[in-house]
1. Report in % the part of the accessible area of the stretch 1-65 that belongs to carbon and sulfur, leaving out ligands and nucleic acids; probe 1.4 Å.
2. What whole-number value in Å² describes the accessible area per residue of the stretch 1-114 for a 1.4 Å probe?
3. Label LEU166 and TYR3 with points 7 Å out from Cα along Cα→Cβ: what is the distance between them in nm?
4. Quick one: if you stick a label point 7 Å off each Cα along the C-beta vector at LEU368 and GLU46, how many nm between them?
5. How do CYS120, CYS90 rank by accessible surface area computed with a 1.4 Å probe, from largest to smallest?
6. Can you tell which of PRO153, GLY227, LEU166 lies farthest toward the positive end of the dipole of the stretch 146-234, using +1 and -1 charges on the Cβ of basic and acidic side chains (Lys, Arg; Asp, Glu)?
7. How big is the accessible area of TRP88 in square angstrom, nearest 10, if you roll a 1.4 angstrom probe over the protein chains?
8. With a 1.4 Å probe and every protein chain left in place, work out the accessible area per residue of the stretch 145-288 in Å², rounded to a whole number.
Amino acid sequence: MFYLQRYLRMFPLLAAAILLQMSLAHHISDGPIWTNVARDIEFCRENWWAALLHVQNYVSYGAMCIGHTWYLSVDMQLYWISPLVLVWLCAPSRGGGRRAGWCAVTMAMLISLLAATVYCFLNDFPPQSMIRLEDDDRYMKYYYVNTLTRAPPFFVGMLFGYVLHLKRHKMTKLPKILICLFWTIATAFLTFAIFIHYPPMQTDYDNQLLDNFINSFMRSFWATALGWIVFACKHGYGGPVNWLLSLQMWKLPARLSYAMYLLHMTVMTVMNDMQLSPVYFTQWNMVGKCGVNGIHFEVNNVLVVNGVALAPGGTRFDPNHEQFDQYVFNLSQFIPLAPSIEDVTIALIFRFFGDLVLVMALAFVVTLAVDSPFSTLQKIILQGGKVNKSQQEPAPNDSSLSQVAKNNDLTV
């Protein structure tokens, strides 16, 4: 039942998303670059079974059905091995059961962190994709979608979950100085995880030691910070953060979040690839190419990233080289066309909210037509039609983030 409930909770929407990708998506539009959509559809028609069995990060890498669902495969694989730890967490408190639980979850976290760290330092991966193009495929295949490198944050979350379980019936009282310290550390971890990507994006960057450190610890730092936020909100130390995250307006987005996750990339790909006319190098079309790494565009098969030309092999191409003009137009001609910060902001906001509205609308329909009926059937079959009393009787601290999530079945 432990595995069956998890699988049935994830299966209906995932199967519906795969079915939509395999059938309806191909008939929405057409165009010169529609081959990208056709390729994704073909991947689903060939490897749908790997997505449903949650093994596609290993079995069908490079041809994954709904590519971003590799994370569901990793999450399910970690869920498969979680009973090795959970069996100790469920031991009776008497006779050292709680001590065994603490040892099990702590050891699982430390062993996974050590194993992932050793793996990263032995393989010298780049800190993210598009940093060293020659290593991009190796990074994605052997690091990014690898279950081992994703295990430490999973066990960090399990550790915080165990703490919340032990403290579920009483509020934890902490001194103010300790609360301030934990919030400071959590803020520092979140800031580190966000801004540490800036140095590797610079053209003169070369620090493999920092790369290995980022790959080994960054996601664990992020998980630790989120764990503290949940704990603080549950025990009355969340302040304005708890107030914001507990607002009723998050009910609908939270209920739709799983469907939005599954469908968003398909919607965005279709919207991008239904273009029927050429893209002229203008101010607004440049904005369309702006991303996290700066301005990207391609001319004669040469990728230009932040003004740095990359030859087809992925090596840097010196703009001062005498043959540079044979491959790419003189960048100085386009300097007057570079978009301002205001133009970029307006264009990205416009595009973001357009995609958001479309994805939310589609997710609402799919959730209403697929997820809600199957969720009700699952409760009737597996629980005998009984409703969980915790969803009918709010706890005394029902304004907390954890109670809002619990009452509205926001967990996947």
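The values are calculated or read from the model by the stated rules, or taken from the named source; none is laboratory data. These numbers were taken from a predicted model, which means no experiment stands behind them. Here Cβ is always computed from backbone atoms with ideal geometry, including for glycine, and neighbour counts include all displayed protein chains. These accessible areas exclude ligands, DNA and RNA; they are computed on the full protein's heavy atoms, side chains included. Shrake-Rupley method; radii C 1.70, N 1.55, O 1.52, S 1.80 Å.
1. Values: 2220 of 3330 Å².
Answer for the stretch 1-65: carbon and sulfur cover 67 percent of the accessible area.
2. On the way: 6040 Å² over 114 residues.
Here the per-residue accessible area is 53 Å².
3. The answer from the label model is 3.0 nm.
4. Going by the 7 Å Cα→Cβ label model, 3.7 nm.
5. CYS90, CYS120
6. Of the candidates, LEU166 comes out farthest on the positive side.
7. So the heavy atoms of TRP88 present about 130 Å² to solvent.
8. I get 55 Å² per residue for the stretch 145-288.
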